[in-house]
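J.: First, the structure itself, so that you have it in front of you.
Nothing in this text is a laboratory measurement; each read-out follows from the coordinates by a stated rule. Predicted model, so just to flag it, every value in this text is computed and none were measured. In this analysis, Cβ positions are derived from the backbone assuming ideal geometry, glycine residues included, and neighbour counts consider all displayed protein chains.
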Amino acid sequence: DKVPAGASTHASSTTEFVVAPNYTPAANNPSSREEVLNYDGDNNSAIGWNGDIDIRIAAKFPASMVKDYVGMEIYKVELYVNDEPLESKVQIYEMGDYNTDQPGDMLREQDFTATPLTWNSIMLEDPVKIDGGDVWVGAYYSTLGGTFVPGIDAGPANEFGDYVASGPSFSHMSD
């Protein structure tokens, strides 16, 4: 298993992903529509730390939410970036263990060049097929202290949309 960037180092984000109509339909889902799944509102602020840090942010889209999209593909991820990070990657994970509120194996990791003070639309070089399990979508950022990279909305926090990690495990930013 590939260790995702930021998982071994010492935030919610505004994260959304777009489901592509280029898919292999499941027997119970003969749809050709394009959908956008997200929890966030308009960008309102950003989060940062005093010291240099590698962080991961994510939103969890549970199986109950993605069941109607089985066989479709995630082909684009949109993230609001406030300040320019040193390094940035989109990360998509599969469903994790039912006993922990953590993602499973990483399905895709792709570098992107972040443009500050705007939404960044990252087209995946290799789309991720939705299989019906939980999908975690987020980003990794290597940041300098005093910068505020991941954008956030005004809240309230959504229980699935505010995950942050500065090490191996995610927690809720709102905790």
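J.: May I ask you to compute the full-extension gain from residue 154 to residue 118, defined as 0.36 nm times their residue separation minus their alpha-carbon distance, rounded to one decimal in nm?
T.: On the way: separation 36, 0.36 × 36 = 12.96 nm, distance 1.63 nm.
Net length gain for the segment: 11.3 nm.
J.: Taking 0.36 nm per intervening residue step and subtracting the Cα-Cα distance, what contour gain separates residue 100 from residue 63 on full extension?
T.: Numbers: separation 37, 0.36 × 37 = 13.32 nm, distance 1.51 nm.
Stretched fully, the residue 100-residue 63 segment lengthens by 11.8 nm.
J.: If amide H atoms are built 1.01 Å from N in the plane of the peptide, which residues on other chains or at least 5 residues away come under 5 Å of the amide H of residue 120?
T.: Under 5 Å from the amide H of residue 120 lie the amide H atoms of 79, 80, 81, each far enough along the sequence or on another chain.
J.: Would you tally the net charge around residue 159, using a Cβ to Cβ cut-off of less than 14 Å, leaving residue 159 out, and scoring K and R as +1, D and E as -1? Write down the numbers at each step before the final one.
T.: Numbers: positive: 60; negative: 40, 101, 134, 162, 175.
Taking every Cβ under 14 Å from that of residue 159, the sum is -4.
J.: Let me ask another. Using the beta-carbon distance between residue 131 and residue 109 and R0 = 25 Å, what value does 1/(1 + (r/R0)^6) give for FRET efficiency, to the nearest 0.05?
T.: Working: r = 18 Å, r/R0 = 0.72.
Taking R0 as 25 Å, the efficiency between residue 131 and residue 109 is 0.90.
J.: Pull up all non-local amide H partners of residue 44: gap of 5 or more, or a different chain, and H-to-H distance under 5 Å with H placed in the peptide plane.
T.: Counting only residues 5 or more places away or on other chains, the set is 152, 153, 154.
J.: What number comes out for the charge environment of residue 81, summing +1 per Lys or Arg and -1 per Asp or Glu over other residues with Cβ under 13 Å away? Write down the numbers at each step before the final one.
T.: Working: positive: 89; negative: 78, 83, 84, 87.
Value of the local net charge: -3.
J.: Given 39, 145, 74, which one lies farthest toward the positive end of the charge dipole of the range 19-175, if we put +1 on the Cβ of every Lys and Arg and -1 on the Cβ of every Asp and Glu?
T.: Checked the options; the winner is 74.
J.: Further question on the same structure: Semi-axes of the equivalent ellipsoid for the range 28-118, please: Cα gyration tensor eigenvalues, times 5, square-rooted, ordered largest first, whole Å.
T.: On the way: eigenvalues 145, 60, 34 Å².
Rounded to whole Å, the semi-axes are 27, 17, 13.
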